[in-house]
1. So which of L44, L55 is outside any helix (DSSP H, G or I), among the aliphatic types (A, V, I, L, M) and out of contact with any Pro (no Cβ under 7 Å at 6 or more places or on another chain)?
2. Under 7 Å between Cβ atoms, at least 6 apart or on separate chains: pull out the pairs that start in the stretch 30-50 with a residue that is more than 17 Å from V171 (Cβ to Cβ) and end on any residue that is assigned to a loop (DSSP other than H, G, I, E, B) and of a type in the set (A, V, I, L, M, F, W, C).
3. Could you check how many residues of the stretch 189-234 are hydrophobic (A, V, I, L, M, F, W, C), outside any loop (DSSP other than H, G, I, E, B), within 23 Å of W178 (Cα to Cα) and in contact (Cβ under 8 Å) with a residue 12 or more places away in the chain?
4. Show the residue pairs that are 6+ apart or on different chains and have beta-carbon atoms under 7 Å apart, the first residue being within the stretch 83-94 and free of Cβ contacts under 8 Å to residues at least 40 places away in the same chain, the second being surrounded by fewer than 17 Cβ atoms within 10 Å (Cβ to Cβ) and among the charged types (D, E, K, R).
5. Enumerate the pairs (first residue in the stretch 11-28 and free of Cβ contacts under 8 Å to residues at least 40 places away in the same chain and under 28 Å from D166 (Cβ atoms); second residue anywhere and in a helix (DSSP H, G or I) and small (G, A, S)) with beta-carbon separation below 7 Å, excluding pairs fewer than 6 apart on the same chain, so at least 6 apart or on different chains.
6. Just checking, which of V233, V224, V171 is more than 21 Å from M106 (Cα to Cα), out of contact with any strand residue (DSSP E or B) (no Cβ under 6 Å at 6 or more places or on another chain) and β-branched (V, I, T)?
Amino acid sequence: MEPIIVLVHDMWHTPEHYRPYITALEKSLFQVYCPLLSTSDQSLPSSHRTPMYDLYLLSELVKSLVAAGKKVIMVMHGYGGMIGSNVPENLSIDYRAARGRRGGVMHLLYMSAYILPNGQSLVEYGLWDSPTSAEVVPGNSLQYFLDGLGPGEVSRCQPLFVRIPDLVFRVKIMQFAWKYIPCTYLFTRHNGAILRRCQVLMAQPLVGGARQYRGKMYDAGHSVYLSHTRAMVEEVQAISGVFWEQPLGGSSSSEGSEAAS
């Protein structure tokens, strides 16, 4: 049975940004969940649009899948890496297997995602300036999210970006799931939203500190899941051991090279 894919989207994004990638995964016979995080949900009151609600939403989803005996691969992009890294050890596949239970989170796949030291926020780590308003728009960052995409994809994605609360930049990460769940970090060389040097710096603790770690570099911008859709599906297939089922266009994983540690 193929593992379930839980895709955790970036800040300012919504699941619709990832629709081509989700469709490609589904064509390869994966079941995909990509919940709309509360911080991107414009229909919620401000009191519910917090990173804590993001954590709760994701935790409840993963717990329900694991309780049903499902194997889960977490695929995380940007801010999604902060939320996804909070998976507790008792939901990991190794922990459950040691106690005779089926299912569990088997792998963490970071796509140029944030991984912060314990107890630090994006502002404290120096990746973003402290917001000056309660609601934050992408601003100049918008152009970097869309680097490397064709005009049609840019036109599709631009209207989908949303406002987010300033709390996203101040939430502190308190859990390191990569210490007990194998992980992969996919670096993007031409990422203006999360610079390559920042990606390498954030991923450094994974080298020697992770349960199991592999890093790979792609010649792509921030939206690697759109510019290299097939390769991103193949990364999931490699983790799960599932072979490619449906032909797709796009770049192949041969364009990536192993990232130096």
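1. Residue meeting the stated conditions: L44.
2. So the pair list comes out as Q42/V162.
3. The number of residues fulfilling the criteria is 11.
4. Every condition considered, the pairs that remain are L91/K63.
5. Hits for this filter: zero, empty list.
6. Values: V233 fails: more than 21 Å from M106 (Cα to Cα); V224 fails: out of contact with any strand residue (DSSP E or B) (no Cβ under 6 Å at 6 or more places or on another chain).
Answer to the check: V171.
For (1) buried (at least 17 other Cβ atoms within 10 Å of the Cβ); (2) in a strand (DSSP E or B), each residue gets a yes or a no:
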| residue | (1), (2) |
| --- | --- |
| H107 | yes, yes |
| N118 | no, no |
| L122 | yes, no |
| P138 | yes, no |
| Y144 | yes, no |
| D147 | yes, no |
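Here, each number is a calculation from the coordinates, and none is a lab measurement. Note that the structure is predicted; figures quoted are calculated from it, not measured. Backbone-built Cβ (ideal geometry, glycine too); neighbour counts: all protein chains shown.
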